[in-house]
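Okay, structure first, notes after.
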């Protein structure tokens, strides 16, 4: 197709052929219209930068807000983390404190348990300004003699004899395992001390409290003589020397020291009371033999072993110069911080005292202390057995 060539004449001819366009508006109206359109364009040109700036500000605000929110969130998260760490530390501290408190409570309980292990004998530190009196009382079956000891004040400075007689009645009924029949009661006898000899007047017929042996009755008398510090005891009936005492007739009994005896336990398995220490009435040839005997019950007389199976004495050595007994336990021994072990320790100490030892050193015990006994050091023997508490 041939391309047309445009010239001025050609364009005029084409325009003449187009329909005519007529504008009825006056020139003034047309001018104002044009002016308004120009203002609108100029106004639009001015508004666009403002809108752009506003949008920019809004975008910056949104971004900054997001940034601040993120920062605040980060700070919040950091604070939460810090709080969490603090809480964890506090919880850890509380747990540690609780743990320590539990340990302290356990220690207190252990201390309470240890302190509850009460010795049944009297020791020198218990005496103070008081005096020790020991009374021989038969058990409820009248088979053995139980030495029962008390601590008494002596403000009037009475003699041992007068103090002994004055406190006799206070021992009645101190333990249900002891006989209610008191064979040294003032109701039965009147006592007089002359030249360090005790004269006993039988006030009424002496009640037979069993077919006791000579050793049994001898222990009864010897314990009284030992406590009072007298040399002998003479028995009278109606002013005449000699008295029927149960199945025996007695006149004069001279003091012979009670020594080399082994201590056993008199106890009731159904009773919560402490057992009583009972020295066997016959002496032993050596302390080793005495310790061996203390490992077995003496069923015929209602006595039980004072050295349990858990404690095995391997050997015994002696320091005669220091009057110290060294008791070495075997590796199989299992000393515990319990009452049974405490009874065994006291029975060993009382027996050592019978053999004239002043202290006992325990070796290979595996425990440092039992109750008041510090086993890492030498332990002093008791002053007397079976402490009874009486009203002054």
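The values are calculated or read from the model by the stated rules, or taken from the named source; none is laboratory data. Just so you know, these numbers come straight off a predicted model, no measurement behind them. Methodologically, a virtual Cβ is constructed for each residue, glycine included, from the backbone with ideal geometry; neighbour enumeration extends over all protein chains shown.
Residues that are farther than 20 Å from residue 322 by Cα and either part of a strand (DSSP E or B) or touching a strand residue (DSSP E or B) at 6+ places or on another chain (Cβ under 6 Å) (or both) within the stretch 366-392 comprise 369, 370, 384, 385, 386, 387, 388, 390, listed in sequence order. The number of residues in the stretch 269-303 being under 28 Å from the mean Cα position of the chain (by Cα) and surrounded by 13 or more Cβ atoms within 10 Å (Cβ to Cβ) comes to 4. For beta carbons closer than 7 Å, sequence separation of 6+ or different chains, a first residue in the stretch 301-329 that is at positive phi and a second that is buried (at least 17 other Cβ atoms within 10 Å of the Cβ) and in a loop (DSSP other than H, G, I, E, B), the qualifying pairs are 302/143; 323/357. Entry remark, the stretch 227-247: residues being within 14 Å of residue 214 (Cα to Cα) and surrounded by 15 or more Cβ atoms within 10 Å (Cβ to Cβ) number 2 in total.
Of the residues making up the stretch 320-340, those that are outside any loop (DSSP other than H, G, I, E, B) and at pLDDT below 95 are 339, 340. Being in a loop (DSSP other than H, G, I, E, B), touching a strand residue (DSSP E or B) at 6+ places or on another chain (Cβ under 8 Å) and at pLDDT 95 or above is the filter here, so list the residues in the stretch 252-267 that pass it. Hits for the stretch 252-267 are 255, 261, 262. Counting the residues of the stretch 151-174 that are part of a loop (DSSP other than H, G, I, E, B) and at pLDDT 85 or above gives 8.
Scanning the stretch 357-380 for residues that are surrounded by fewer than 20 Cβ atoms within 10 Å (Cβ to Cβ) and touching a helix residue (DSSP H, G or I) at 6+ places or on another chain (Cβ under 6 Å) gives a single hit, 371.
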